[in-house]
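Below you'll find the structure, written out as C-alpha cells, and then a few comments.
The values are calculated or read from the model by the stated rules, or taken from the named source; none is laboratory data. If you're wondering where the values come from, they're calculated on a predicted model, not measured in any experiment. So basically every Cβ, Gly included, is an ideal-geometry build from the backbone, and we count neighbours across all protein chains shown. Areas reflect the complete protein model, heavy atoms only, side chains present, ligands, DNA and RNA absent. Shrake-Rupley method; radii C 1.70, N 1.55, O 1.52, S 1.80 Å.
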Amino acid sequence: MAGSNPNAKPMNLTLKVWRQQNRNTQGNIVDYQVRDISPDMSFLEMLDVLNEDLLRKGDEPVAFDHDCREGICGSCNLFINGRAHGPEPGTTTCQLHMRKFSDGDTITIEPWRAEAFPVNKDLSVDRSAFDRIIQAGGYVSVNTGGVPDANEIPIPKSIADQAFDAATCIGCGACVAACKNASAMLFVSAKVSQLALLPQGQVERKTRVENMIAQMDKEGFGACTNIGSCAAECPVGISLENIAILNREFLAAKATSNNLA
Amino acid sequence: MILDAKIPDGPIAEKWDKHKFNVKLVNPANKRKYDVIVVGTGLAGASAAASLAELGYNVKAFTFHDSPRRAHSIAAQGGINAAKNYQNDGDSVYRLFYDTVKGGDYRAREANVYRLAQVSVNIIDQCVAQGVPFAREYGGLLANRSFGGAQVSRTFYARGQTGQQLLLGAYSALSRQVAYGKVKLYTRSEMLDVVIIDGQARGIITRNLITGEIQQHAAHAVVLATGGYGNVFYLSTNAKYCNVTAAWRAHKKGAFFANPCFTQIHPTCIPVSGDYQSKLTLMSESLRNDGRVWVPKTVEMAERLRAGQIHVNDIKEEDRDYFLERKYPAFGNLVPRDVASRNAKQMCDEGRGVGSSGLAVYLDFSEIIKRIGADGVSQKYGNLFAMYEKITDEDPYKQPMRIYPAVHYTMGGLWVDYNLQTTIPGLYATGECNFSDHGANRLGASALMQGLADGYFVIPYTIGDYLAKTKPVPVDAKHPAFAEAEAAVRERISKFLSINGTRTPDDFHKALGHIMWEYCGMARTAEGLQHAKKEIQKLRKEFWQDLKVVGVNDDLNQTLEKAGRVADFLELGELMVDDAYNRNESCGGHFREEYQDAKGEAKRDDENYAYVAAWEYMGDNQPERLNKEPLEFENVKLSTRSYE
Ligand SMILES: Cc1cc2nc3c(=O)[nH]c(=O)nc-3n(C[C@H](O)[C@H](O)[C@H](O)COP(=O)(O)OP(=O)(O)OC[C@H]3O[C@@H](n4cnc5c(N)ncnc54)[C@H](O)[C@@H]3O)c2cc1C
Ligand code: SF4
Ligand code: FES
C-alpha cells in the first residue's frame, strides 16, 4: 500500500544503535541497515521495522520505551543524532517522521544519558526519579470529598492559562538529557509554577518547592547553570520562565522562617 | 448462574444515597488491617488507589508502565462531562442520565448511569481542588463546551489535553499517598493472574518487566482498573500497550465478560498510510462542528483522484457529495459516531473513497476558513491541524483532511454489579475495564467521567461493604493457590520462549486485527462472523505452534510481553465474534447488516435483546456459556434513535 504521498521514495538508512543488556553491563553502538523506509513512517515505526527484522533472524529486538505514539504520554525518549527527540523542534520522538531524513543517511540512536536515569536495557531508561520528585511535594494535599464547589474560587483566565502551560509537561526527561549538567530544573519548575500560580497551591507553596528541590538533589540531577538547552529541546515548549519562577519561590521559601520540613 | 446486579430498591434518585447508608462501614481503626490491590493507575486506578489509601486501607498499586502518569488516560483530548449546569442551559443530573441511557441505545443499567450522573458534579470539584487547570472564562469561572452532539454545554476541558490534566491530578493524589507510605507503588509490574482462595479474590501474580521476577501479592480485595481492549483490532486509537490480559485472566478465573462485541468506532481518525502503520491517531470530534464531510460524486472521479491524475482542489462543488448532509438534513455532519462511521465505510465500499488506498473521506474546512479566516480556524483547531500536518505532510488549511473511522473505545468489559464487583467476590472492576455504564455506545467525554466516578466516589464506599464482612486478619500468603497460580504463569512463559517458530507476536496480532476489523468491525453479518470464528481458531492454533520469541524471561523482554498479550487477544477475539453473532439486532456500536430498515438505519430488538450478555468461561477451547442480565427501564422510555 502506498502512503499518503504517492511520490515519496523509500529510503535506505544506516542506524547506529546503543545496545546494552541491562543496568549492570557495558553497552556499545551496533550498526544496522534498514531498507525501504517510507518517508511517511514515524521514527518509531522505522524502529518497528528493524525489530521485526531482527526478531525474524533470531536476534533480540532493540528495547525502547513508547506507548501513546501521539506525543502526550512522555514514554518515548530517544537521543537521535545527538539531540533529545531528534532534529525537529517541538516534537517527541514518536511524532518525528522519516521525511525529516534522507536516503543514505546514518542515524545514531542513544538513550537519555544522566546519572539519575540509569539504562534498563538498550534505549530504555529508568525515570522513576521524576516520580519521587513529585512524591516529595508535587501535589495539593486534599483528600477525596469535602472540597469546595469548583466555581467557588474564580481564577483569572490569564493565570489559569499560564498554569495550564506549565502543567503540560509530559515528564519525558528530554530537558535532563539535553542539559550538560543533567539538571532536572525545567521539569521541577513546571510543576512548582503550576501550583504556585493557582490559589489551590498556596497553602503548601513554601514546603513544596523546598521538598521537591531537596529530592531533585538527592536523585543526583546536576545543578542548573541557566544555559537553556532544556527549553530548546522540550517537546511541549515548557518555558524557561518557569525556572525563574522556581528560583523566586525557592528564595522566598528560604527567606521565611515558618516553613518546616 | 443468576446474575444479581444488586440494584438497591427505591426511586432512582434515592438509590445511591440509600445504598451508601446501608453499606457496612469498616471501623477506622480497622482499616489499616486491610490490604487492597489496585491493578492499573490510569484515571480509574489512580483515583481509587489514592482515595482508598486516604481512608486508611493499605494499598498496593500496580502498573506495567514506568510511571502512573503514562497510562492511556493521558491521551484523552476532548473533555469530561458533568451535570453542573454552570451554563444555565437546562442541564441536570436527570438530563445527563437520560442522555447517557439513550446515547447507549438502551443497553445500559439505569441505576448505575443515574449514580454516574449524580457524582459527576463532585468530580469537577475534586479536580479543581487538586489544581487541575481547566479552561476558564474571562470572569474567572470554568468554561464549558458542548460535545458529541449534546444539546447542553456540560463538557469541562483543558484545551485538547483534558485526559492529561485529569490524570496528572489523580497521579498527584496517588503520589501523595505513596509519600505517606499508604500506597506501595509497583511500576513496570504486569499482572498475569488473579489468585482465588475459597472462591474469593485474594491476590495477584505479577512479572517485573525489568528483571523478569515473578511475584506473589496477597490482599483482602483486588480492583482491576486496567483499561479497554480496543487493541484486539491491532490498529486503534488506543496507546500501543493497552491490552486485555488482566481482565482476560480474571475472566478465565471466573469473572464474567459482558457485551464484548460493543466496540466504538470513531469517525474522525487519520487514515492508514501503509502496512507499517502501528496505531491510528484521533482527530477530535469537535472538528465535525465546522468541517464538512464529502466524497466525489462518481467512482470514476474517485479513481482519478486515487491515481493522482487530479487534485482534490480541482473537484468542482457540484461534483462533491456531502453525504451526511444529504442523508441526514437535520443533524448533517453532527450525526452520532456510529452513524458517521458507517456512512464513511459505505462510501468507500461503493468505490468513492479517496487517498491512495481509497479508504478515506474528506473533512473539508474551506467554508469555515472563508467565513472566519485561517487565523480564526487556527485559534479553534490549531493544534489539531498541526498534528495532522505532522503526520500526513498535508496542510489542512489548503486542502481537506482525509479521515477514516478507527476503533476507539470498548463498551464491553468485565461484568460488574452495582457495587462494581465482578462475579468473583472480592474482585472489582472500574473504568474502561468494566462493561460500564455506556450500554452499546459511549457518548463523548463520558469515559473520563466514569473512570473518575468509579475511583473517587463509588469504589471507596462499595469495597468497604465487602471488607467489613471480611475478617481483619492477614491473608494466608502461603496458601497453595498462590504457588499454583505462579506455576501456571511460569509455565506459560516457558511455553512462549520454547515454541521457536517463525512468526512474530506482531505478525499474529496484525492478522487477528485484520479478521476482527473485516468481520467484527463497523458492520457484521452472521455469515461473516462464523467465518471469522474459524479464522481466529486457526490463527490461534498457528500461534501456539509457530510463534517466535527470542531472549529470556529474566530480563526486559518486550517480545515476550507482547506474546502474552496477543495470546489473550486471540481468545478474546473469538468471544467478541460469538457475542456479535448472538446479538441478532443492531444497536449502538453493534451493527448487524441483517437488522436494518430500508434506509439503512439500525434496527434494535428490545423484545429479545434488552439484556446484558455476560459470558462465562467454561474451559480451554470450550464454548462459553451465555448468562443474561435483563435490563429494565423504569425511568427512560425506549424509543428509536432518529437523526433525519
Ligand atoms: C485518543 C483518545 C481520546 C479520548 N478522549 C476522550 C475524551 O475526550 N473524553 C473521554 O471521556 N474519554 C476519552 N477517551 C477514552 C478514555 O480516555 C479512556 O476510556 C479512559 O481514559 C480509560 O481509563 P482507565 O483508567 O480505565 O484505563 P487506562 O488509562 O487505560 O489505564 C489502564 C492502567 O492499567 C494498567 N494495566 C493494564 N493492564 C495491566 C496489567 N496486566 N498489569 C498491570 N497494570 C496493567 C496500565 O499500566 C494503566 O495504568 C479517549 C480515548 C482515546 C483513545
Ligand atoms: S519539561 Fe519538557 S523536556 Fe522536561 S520532562 Fe517536561 S516535557 Fe519533557
Ligand atoms: S510515545 Fe507517548 S509521547 Fe511518544
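Can you sort B:His65, B:His514 by solvent-accessible area, 1.4 Å probe, largest first?
Result, largest first: B:His514, B:His65.
Cut-off under 26 Å on the C-alpha distance; same-chain residues fewer than 8 positions from A:Lys180 excluded. Which lysines are left, in chain and number order?
Partners found: A:Lys16, A:Lys100, A:Lys121, A:Lys191, A:Lys218.
Using alpha carbon centroids, what distance separates the stretch A:73-101 and the stretch B:599-644, in Å?
First find each Cα centre; the distance between them is then 46 Å.
If I take R0 = 41 Å and measure r between the Cβ atoms of B:Glu318 and A:Asp149 in this structure, what FRET efficiency does the formula 1/(1 + (r/R0)^6) give, to the nearest 0.05?
Computed FRET efficiency for B:Glu318 and A:Asp149: 0.15.
List the residues of the stretch A:154-175 whose backbone N lies under 18 Å from a point placed 7 Å from the Cα of B:Glu137 along the Cα-to-Cβ direction.
So the set is A:154-161.
Can you work out the Karplus-derived ³J(HN,Hα) for every residue in the stretch B:441-457? Use 6.51 cos²θ - 1.76 cosθ + 1.60 with θ = phi - 60°, whole Hz, and x for glycine or proline.
Listing the rounded values in order: 7, 9, 7, x, 6, 9, 6, 5, 4, 5, x, 6, 4, 4, x, 7, 10 Hz.
Would you mind telling me the share, in percent, of accessible area of the stretch A:11-120 contributed by carbon and sulfur at probe 1.4 angstrom?
43 percent
What whole-number volume per residue, in cubic angstrom, does the convex hull of the C-alpha atoms of chain B give?
Roughly 153 Å³ of hull volume per residue.
Provide A:Val188, A:Val49 ordered by accessible surface of protein heavy atoms (probe 1.4 Å), highest first.
If we order A:Val188, A:Val49 from most to least accessible, we get A:Val49, A:Val188.
In the stretch B:436-521, what trypsin sites (Lys or Arg not before Pro) fall in a loop by DSSP, with at most 16 other Cβ atoms inside 10 Å?
B:Lys469, B:Lys478
Dividing the Cα convex hull volume of the stretch B:289-367 by residue count, how many Å³ per residue is that?
Taking the convex hull of the Cα positions in the stretch B:289-367, it is 85 Å³ per residue.
So which of A:Lys9/B:Lys398; B:Lys345/B:Lys599; B:Lys240/B:Lys279; A:Lys57/B:Lys548; B:Lys495/B:Lys562 end up more than 18 Å apart by C-alpha?
Among A:Lys9/B:Lys398; B:Lys345/B:Lys599; B:Lys240/B:Lys279; A:Lys57/B:Lys548; B:Lys495/B:Lys562, the Cα-Cα distance tops 18 Å for A:Lys9/B:Lys398.
Would you calculate the volume per residue, in Å³, of the smallest convex hull containing every Cα atom of the stretch B:362-513?
Hull volume over Cα atoms, normalised by residue count, gives 215 Å³.
Going by accessible area, probe 1.4 Å, with all protein chains left in place, what is the ranking of A:Ser141, B:Ser446, largest first?
Reading off the accessible areas and sorting them downward yields A:Ser141, B:Ser446.
Looking at chain A, identify the longest residue range that excludes and avoids all GluC sites (Glu not before Pro) in DSSP loops having at most 14 other Cβ atoms within 10 Å.
That gives A:1-114 as the longest site-free run.
State the antiparallel share, in %, of DSSP beta bridges confined to chain B, rounding to the nearest 5.
70 percent
Classify the stretch B:543-608 from the C-alpha gyration tensor, please: rounded if a/c falls under 1.5, else prolate or oblate depending on whether a/b exceeds b/c.
Prolate shape, in that a/c is at least 1.5 and a/b is the bigger ratio.
Helix-only estimate, please: 222 nm mean residue ellipticity of the protein assembly as shown, summing -39500 (n - 2.57) across DSSP H runs of length 4 or more and dividing by its residues, to the nearest 500.
-11000 deg cm²/dmol
For the stretch A:1-88, run through the trypsin sites (Lys or Arg not before Pro) and keep only the ones in DSSP coil with at most 16 other Cβ atoms within 10 Å of their Cβ.
When the trypsin sites (Lys or Arg not before Pro) of the stretch A:1-88 are filtered for loop state and at most 16 Cβ neighbours within 10 Å, A:Arg23, A:Lys57 remain.
How fast does the stretch B:221-304 diffuse by Stokes-Einstein, in µm²/s, taking the Kirkwood radius from C-alpha pairs at 20 °C and 1.002 mPa s?
133 µm²/s
Hey, how many Å between the Cα centroid of the stretch A:16-44 and the Cα centroid of the stretch B:52-125?
41 Å
Bin width 20 Å, alpha-carbon pairs only: give the P(r) of the protein assembly as shown as whole percents, running from 0 to the bin holding the largest distance.
Computed distribution, short to long bins: 15, 50, 33, 2.
Rounded to the nearest 0.05, what FRET efficiency do B:Asp620 and A:Thr108 give with R0 = 45 Å and r taken as the Cβ-Cβ distance? Could you check?
Efficiency for this residue pair is about 0.40.
Kirkwood Rh over alpha-carbon pairs of chain A, then Stokes-Einstein at 20 °C and 1.002 mPa s: what D in µm² s⁻¹, rounded to an integer?
107 µm²/s
Can you pull the three principal axis extents for the Cα set of the stretch A:128-256, in Å, largest first?
45, 29, 27
Suppose each label sits 7 Å from its Cα in the direction of the beta carbon; what would the B:Ile499-B:Thr211 distance come out to in nanometres?
Distance between the two pseudo-spin positions: 2.9 nm.
How far is helix B:162-180 tilted off the main Cα axis of chain B, in degrees rounded to 10, range 0 to 90?
Roughly 20 degrees between the two axes.
Let me know the Kirkwood hydrodynamic radius for the stretch A:1-123, please, with Cα pairs as the basis and the value in Å to one decimal.
Result for the stretch A:1-123 stands at 15.0 Å.
Mind running the shape call on the stretch B:267-407? Use the C-alpha gyration tensor, a ≥ b ≥ c as the square roots of the eigenvalues: rounded below 1.5 for a/c, prolate if a/b tops b/c, oblate otherwise.
Rounded, since a/c falls under 1.5.
Please work out the FRET efficiency for the pair A:Thr14 and B:Glu542, using the Cβ-Cβ distance as r and a Förster radius of 45 Å; give the result to the nearest 0.05.
0.80
Once both labels are modelled 7 Å past Cα along the beta-carbon direction, what's the A:Gln21-A:Gln202 spacing in nm?
Simple spin-label model gives 5.8 nm for this pair.
Determine the share of the stretch B:309-355's accessible area contributed by carbon and sulfur atoms, expressed in whole percent, with a 1.4 angstrom probe.
After summing per-atom areas, the C and S share lands at 50 percent.
Counting other Cβ atoms within 10 Å, which chymotrypsin sites (Phe, Trp or Tyr not before Pro) in the stretch B:416-488 have at most 11 and lie in a DSSP loop?
Qualifying residues, ordered by number: none.
Per residue, how large is the accessible surface of the stretch B:480-608? Use a 1.4 angstrom probe and give square angstrom.
41 Å²
Compute, for B:Lys548, the solvent-accessible surface of its heavy atoms (probe 1.4 Å) with the complete set of protein chains present, and express it in square angstrom to the nearest 10.
Counting only protein heavy atoms, the figure is 30 Å².
Using protein heavy atoms only (no ligands, DNA or RNA), what is the total accessible area buried between B and A, 1.4 Å probe, nearest 100 Å²?
Buried area between the two chains comes out at roughly 6800 Å².
What are the ³J(HN,Hα) couplings of the stretch B:633-643, residue after residue, when phi is run through the Karplus curve with 6.51, -1.76, 1.60 and θ = phi - 60°? Round to Hz, x for glycine and proline.
My calculation for the stretch B:633-643 gives 10, 9, 10, 9, 7, 5, 8, 8, 6, 9, 10 Hz in order.
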